[in-house]
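First the structure, in the form of C-alpha cells, and then the observations on it.
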Amino acid sequence: MPLPPGVRVQATELEGPVFADAKGRTLYRWPLSQLRNGPTGDPPGKSECNDVRTEVSAGLMSPYPGGLRLPDLEQRPTCTELWPPLKANERARPVGDWTILKRKDGTLQWAYEGFAVYTSALDRRPGDVLGGRSDKRGGDSPVMREPIKPPPDVPPGFAVTTKSSGRLLVTAKGFSVYTSDHDAPGRSNCDAACTETWIPILAPALASPHGEWSLVERSAGVRQWALRDRPLYTYRLDGDTNKLKGSDVPGWHNVYLQRAPAPPAVFTVQDTTIGQVLADAQGRTIYTYFCGDDAIDQLGCDHPTQTQVYRLAICGGGDPERCLRAFPYVPAPENAKSTSRAWSVIYVDPLTGRLADRRRKGALRVWAFRDRPVYTFAGDRRPGDAFADGHGEFRGQRNGFKAFWLRDDFFNGDQPGPG
C-alpha cells in the first residue's frame with residue numbers, strides 16, 4: 001500500500017506489523033471517543049494534543065468533578081512531549097489513506113484514515129509498542145492511544161484480533177478459526193457427522209488463492225478456505241466471539257498469525273474458576289496495573305516514569321509501605337533473563353514507584369511487562385486465587401489491578417487481558 005516518505009512497516013512482538021516512522025518508532029492515533037460526561041480524543045482532521053501542560057481534571061469520568069488539581073504537576077509532561085506529532089513538511093502530499101492536517105500552531109501533521117498520527121516518548125527502539133495497545137479495555141476506561149497497523153493479509157470474511165496469547169485469526173464476525181490434525185495437507189477429512197460440530201469456512205465462488213491462502217474442494221463446486229494447506233473451521237459450541245474452547249478438543253487448534261512471546265521460565269500457569277492466569281514460581285497470580293488520568297489529554301499514569309499517586313492511593317491509601325505489603329513487586333534475581341522484548345528487568349524505588357538507578361541503595365530489581373512492573377497480591381493464599389482482579393476504580397478499568405489472564409474465555413463478562 002502507498003506510504004508517505006519516511007513511513008515504513010515495522011514488525012513487533014505483541015502487535016504484529018505496525019506503521020513506524022523513519023527511525024522505526026511505532027505510530028499511534030487517538031480517535032475521538034465518548035466517555036460518561038463528554039468526548040475526548042482527536043476528531044477527524046484535527047489534533048487536540050498540544051504543548052500546553054494540563055493542570056486540572058476534566059470531569060469526564062463520573063462521579064469525579066472537573067477542575068481538580070492534577071498530581072505531580074511539576075513533573076507532568078505536556079501532551080506533545082509524551083506524544084510527539086508525526087510532522088509533515090510543506091512539500092508533502094496526501095498518499096493513499098494518508099492525509100495532512102494543519103495543527104493550531106500552523107505546523108503540518110500526518111493523519112491516517114483522517115486521524116492525527118503520533119509517536120510515543122516511551123518507545124525507545126524499533127519494535128517497541130509501549131505507548132498504547134490494540135486490545136482495548138471496557139466501557140469505563142480512558143480513551144487510549146492505539147498503534148496504527150496495516151490491514152492484515154487475510155481474505156474477505158476473516159479478521160485478526162490481538163489477545164494475550166497472540167494475534168488470533170477470527171471470522172469477520174469475530175468467531176475463532178480452527179484447524180484439525182485429522183486433515184491432510186490440502187484436504188479435509190471432516191465428514192458429515194464432523195461438520196455438525198465443526199463448520200467448514202466456505203469460500204465464495206469468485207475467491208482465488210494467494211500467498212499462504214488456498215482453497216480445498218469439499219465437493220463439486222463447494223470450496224473451503226485453507227491457510228498453510230490446513231482447512232479452516234469454526235466451532236459450533238464456542239457460542240461467542242474470540243473463544244478458545246475448540247482447542248480443548250484433542251486434535252483441534254486455534255489459528256494464530258503470530259504467537260505472543262513466552263514469559264520468562266520462572267513464571268507458571270495456574271487455573272482459576274474463570275480461566276488461566278500467569279503466576280509466579282509459587283503459583284501466586286501475577287497482576288498488572290493500569291491507569292489513565294481524568295484530564296482532557298488522558299495521559300497514562302501506570303508507567304514508572306509517570307506519576308504514581310493514583311497507584312499508591314489504590315493499593316495503600318497513599319502509604320507506600322502498605323502498598324508494598326498488599327501488592328509486592330515480583331522480584332527478578334540477578335541472573336534473571338528474558339528471551340523477548342515484551343518482558344524485561346527494571347529497577348524501581350520501592351517508596352516512590354519510579355524508575356531508579358541500579359546502583360541506588362534500596363532499589364528493587366523487578367520483572368516488567370511492556371516496561372511496567374508486575375505484582376502479586378497478599379490476599380491470594382493458594383494457586384488459582386485471583387482476588388485482586390479488578391481491584392480499583394471501575395473494576396480496574398480506569399485505575400487499578402488486573403490479573404494477567406492467559407485465557408479468559410471461560411468467563412462471559414467483561415474480562416480484559418493483561419494491563
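Bear in mind that the values in this text are calculations on the coordinates, not laboratory data. Everything numeric in this text was worked out from a predicted model, so none of it was measured. Positions of Cβ are generated from backbone atoms using ideal geometry, with glycine treated the same way; all protein chains shown enter the neighbour counts.
General observations
- Reach of Lys23 by Cα under 18 Å, taken over lysines that are not fewer than 8 positions away in the same chain: Lys87, Lys149
- Fewest-first ranking of His182, His210, using other Cβ atoms within 10 Å as the exposure measure: His210, His182
- Ranking of Arg36, Arg382, Arg218 by count of other Cβ atoms within 10 Å, fewest first: Arg382, Arg36, Arg218
- Excluding same-chain neighbours fewer than eight residues apart, the aspartates and glutamates reachable from Lys173 by a Cα-Cα span under 16 Å are Asp238, Asp240.
- Candidate lysines for bridging to Lys402, where Cα separation is under 18 Å - those fewer than 8 sequence places away on the same chain excluded: Lys136, Lys163
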